[in-house]
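Beneath this line is the structure, given in structure tokens, with notes to follow.
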Amino acid sequence: MALSPTAAQRRVIEAADPVTGRLRGTPAQLAALVKRGLAFRHPRPPHDHFLTPAGHRIRETPEGPDAVAVPPEVPAAPDTGGVFAARVGGEETAPGGTGPARLREVRGAWQGLLELRRMTHPDGSTQRPCAWERSHLVRAAALALEAAGHRPAGPDGDDGYRVRATPQPEAVAVYEPDGAALRDCAATLERAGWQAGEHTEPRTRARYLLASPRKV
């Protein structure tokens, strides 16, 4: 298990922006938090630092002998290329576990993605997908759905969403056997900056969404 942050590092963590997790501190403090997996450095200028989901957990954990240590491999926000993975549905083993810890990880990843949108769009908009999402379509759509509280399908294909790649450029397919839930998925994706239309597979007659990131 990794060591708990020092008192100075904890003060930096506790002073982070409550929504975006943006950090302020000395270069040495920020580098140390990155090394511990509690922060990540944004890849684009001005290269600000932000809390990872593990960093958010540290901020929410009371300081003292009962504080929870941080595991050496922690989920990362989506733009870091780290180990965090949104649930696409149908996995044999659900990534990240379940319960409140998973909810925090998903919330932190979604906030990190919104911040990535803000920092990479010339107009600072968070209302439309960014380049990372266009190059990771399945993961990006799945994150939008999981962050909004939709339930991914289990390994046996029970009720829940499944996000899959398609031959079409910049488009994913979203399956959900319940018609009302499928329409709810469409509404969520549209709020997240995607275009989503409902279609029917010719052979199976299954209904699905064809979704693509909105450009304007």
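Some notes on this structure:
- Under-5 Å amide H pairs with Arg22, H placed in peptide plane, nonlocal only: Asp17, Leu51
- On the beta carbon distance between Leu210 and Thr120, with R0 = 25 Å, the FRET formula returns roughly 0.50.
- For Asp158, neighbours were defined as the other residues whose beta-carbon sits under 14 Å from its Cβ, and their charges (Lys and Arg +1, Asp and Glu -1) total -3.
- Whole-Hz couplings from phi, Karplus 6.51/-1.76/1.60, listed for the range 45-59; x for Gly and Pro: x, x, 6, 5, 10, 9, 5, 7, x, 5, x, 4, 5, 4, 5
Read the figures in this text as sums done on the coordinates, not as results from a lab. This is a predicted model, so every value here is computed, not measured. For neighbour counting, all protein chains shown are included, and Cβ atoms are generated from backbone atoms with ideal geometry for every residue, glycine included.
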